Amino acid sequence: MPNLTRRATLTAMLATGSSALARRAGAADAAARVSFLVVSDIYRISENTEGRGGIPRLAALVKAERARAAAENRRLICVHAGDTLSPSLMSSLDQGAHMIALFNEIGLDAFVPGNHEFDFGKDVYLRRMGEARFPILAANLTDRAGANLPGHQDHLLIEADGLRLALIGSAYDATATASRPGDLVFAPTFDIIAAAAKAAYGAGADFVVAIVHADKATDAALMNAHAANLILSGHNHDLHLDYDGRAALMESQQDANYVAIVDIEIAKRGERADALTWRPNFRVIDTAKVDPDPALAEKVRAYEAGLAKSFDVEIATLAAPLDSRTQTVRTQECAIGDLVADAMRHAAGAELVIINGGGIRGDKIYPVGAKLTRRDILDELPFGNKTIAIAVSGKTILVALENGFSQLERRSGRFPQVAGLEVTVDRRAEPGKRVVAATINGEPLDSAGSYRLATNDFLALGGDGYWMFAGEAELSADSGTRLVAQDVIDYVEASHRIDAKVEGRIAFR
């Protein structure tokens, strides 16, 4: 359709689809029973330590909901609102191929890409989406010429008992800065959904569903504007249900720990838009109470067996000992802290690194000559933290260091391990006044200067008392594209021989 804007194209396509979904002549009144199940932000394929989440439990839940819907003469629409190709240790090996294979097994009615779908770049993203056997919706995503990507759609049209449902998708609109999509273009989610929903209603849709990977502010804006009847969201990792009498919003918790479902009975008398009546009946399923699907459980075990084999590979030899004992990493500069910080600095291209010693958890000594495996790194860094780079002022760095040294007597996990930084500390001074001097890459810390700092997402969001980092950048629980553990594994593997030693980065007096 040359010379048409994206919105005009969508309107024309909806109109074409609507003619195919036209109601029977003389049957102006209609009623439909529809259920929507939404998941998002699924990185882990196995259940957590509490027995929640994971692909086998999700598969069993979806199968049970499909059986329930069939018994009740109800249409079930199962959607994924994005983030699943990355980040995880397994994804670092196969670039998310296992996730597409598993969701092909489960079956989806629609998938909307999140920012983590692009962590391995545009080409890998397109390859993975080409492997998908489910519809991919992204009305706001185009190539640099403004054309749809191969296999992508703006919307789906679904008929349910004579009513016309329009499903419109929107990818995370800040992906260009949050991930690595290359030259792909992401239009603002709110604008695209508002325009597409208006076009859908104008073309005869009775009920509009927006499926978005979006932050909380965008979710709230869509709700407040009543841009769609139902908004199914991902990105925030939270279980969230909302209804204001005109629009509803639903998001499940990450990793399918808690899965949200909404049952809706929609009725319409005549052709007037205001003749539509519907009410949501939200249900939340705790997947700890769902028995895993045996077939998917077997597939997950096979994937994990392959992962175990990959992570038991030796990647480097130690030319000097490493000490990750709790009393070491939480009280002084240590070689393993330097190693982790150096790896993060290298991966992020940062000037300096500050991490919390409490994030290093192996609690052991590695002697000279020990062979490090990928699993050793994972044991030392078990929390799934991601590397984050932010711009901070010298003043913020100083406040952060004071926080790190504020609880020396308690061996607090906030004790800093650093790179690109040398700091002198007076342990006898009162907390908040212990940093005597600090240099960054040999130059005195400039309190008015700006520096590129790498840290982990826990600290970047204010954890362990590092509140001064929170707000320095637009970060959320979904930020970061690479696991700290993966950055360290890559750094160690490239080095082959590790000769990390205490260098005087932190000196006490």
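Which whole-number percent of Cα pairs in region 115-209 have a distance greater than 15 Å?
On the way: 2781 of 4465 pairs.
Cα-Cα pairs in region 115-209 separated by more than 15 Å: 62 percent.
Using only Cα atoms, tell me the angle between helix 55-71 and the longest principal axis of the chain; keep it within 0 to 90° and round to the nearest 10. The answer is roughly 10 degrees.
Go through region 338-444 and name the trypsin sites (Lys or Arg not before Pro) that are in a DSSP coil and have 16 or fewer other Cβ atoms within 10 Å of their Cβ. Qualifying residues, ordered by number: Arg361, Lys364, Arg411, Arg427, Arg428, Lys433. Phi angles of region 79-90 translate, via the Karplus equation with coefficients 6.51, -1.76, 1.60 and θ = phi - 60°, into HN-Hα couplings of 10, 10, 8, x, 6, 7, 6, 6, x, 7, 5, 5 Hz per residue; Gly and Pro are given as x.
Annotation: lysines with alpha-carbon distance below 19 angstrom to Lys299 (same-chain offsets under eight excluded): Lys63, Lys309.
Taking the Cβ of Leu126 as the center, what net charge do the other residues with Cβ under 11 Å away carry, scoring Lys and Arg +1 and Asp and Glu -1? After counting each charged neighbour, the total is -1. Taking Cα atoms only, the orientation of helix 122-131 departs from the longest principal axis of the chain by about 50 degrees. The phi-based Karplus calculation (6.51 cos²θ - 1.76 cosθ + 1.60; θ = phi - 60°) puts the 3J(HN,Hα) values of region 234-239 at x, 3, 8, 6, 10, 7 Hz, whole numbers, x for Gly and Pro. Suppose R0 equals 41 Å; then what is the FRET efficiency for Ala288 and Thr177 from their Cβ-Cβ distance, rounded to the nearest 0.05? Result of the calculation: an efficiency of 0.70. Taking amide H atoms as placed 1.01 Å from N in the peptide plane, the amide H of Gln153 lies under 5 Å from those of Ile136, Leu137, Ala138, each 5 or more residues away in sequence or on another chain. The alpha carbons of region 227-287 give a radius of gyration and a Dmax of 13.5, 42 Å, in that order.
Sparse packing (at most 16 other Cβ atoms within 10 Å of the Cβ) combined with a DSSP loop state is found for the following chymotrypsin sites (Phe, Trp or Tyr not before Pro) in region 406-472: Trp467. If you bin all the Cα-Cα distances of region 409-495 at 5 Å, starting from zero, the percentages per bin are 3, 10, 16, 20, 23, 15, 10, 3, 0.
Here the Kirkwood formula puts the hydrodynamic radius of region 163-266 at 14.3 Å, using every distinct Cα pair. Here the mean projected area of the convex hull built on the C-alpha positions of region 31-304 is 13.5 nm². In terms of overall dimensions, the chain has a Cα radius of gyration and Dmax of 25.7, 89 angstrom. Qualifying GluC sites (Glu not before Pro) in region 472-509, where qualification requires a DSSP coil assignment and no more than 13 other C-beta atoms within 10 Å, comprise Glu474, Glu503. Set the Cα radius of gyration of region 312-508 against 2.2 N^0.38 Å, with N its number of residues, and you get 0.96.
Rounded to the nearest 0.05, the FRET efficiency derived from the C-beta distance between Val502 and Ala448 at R0 = 45 Å is 0.90.
Scalar couplings 3J(HN,Hα) for region 296-302, obtained by applying the Karplus form with A = 6.51, B = -1.76, C = 1.60 to θ = phi - 60°, are 5, 4, 5, 5, 5, 4, 5 Hz; x denotes Gly and Pro. Reducing region 419-486 and region 211-259 to their Cα centroids gives an inter-centroid distance of 33 Å.
Relative to the longest principal axis of the Cα atoms of the chain, the long axis of helix 335-348 makes an angle of roughly 40 degrees.
Each reported figure results from applying straightforward, stated rules to the coordinates on display, with no laboratory input. Since the structure is predicted, the reported quantities are computational estimates derived from the model, not experimental observations. Ideal geometry is used to build each Cβ from the backbone, glycine not excepted, and the neighbour counts take in all protein chains shown.
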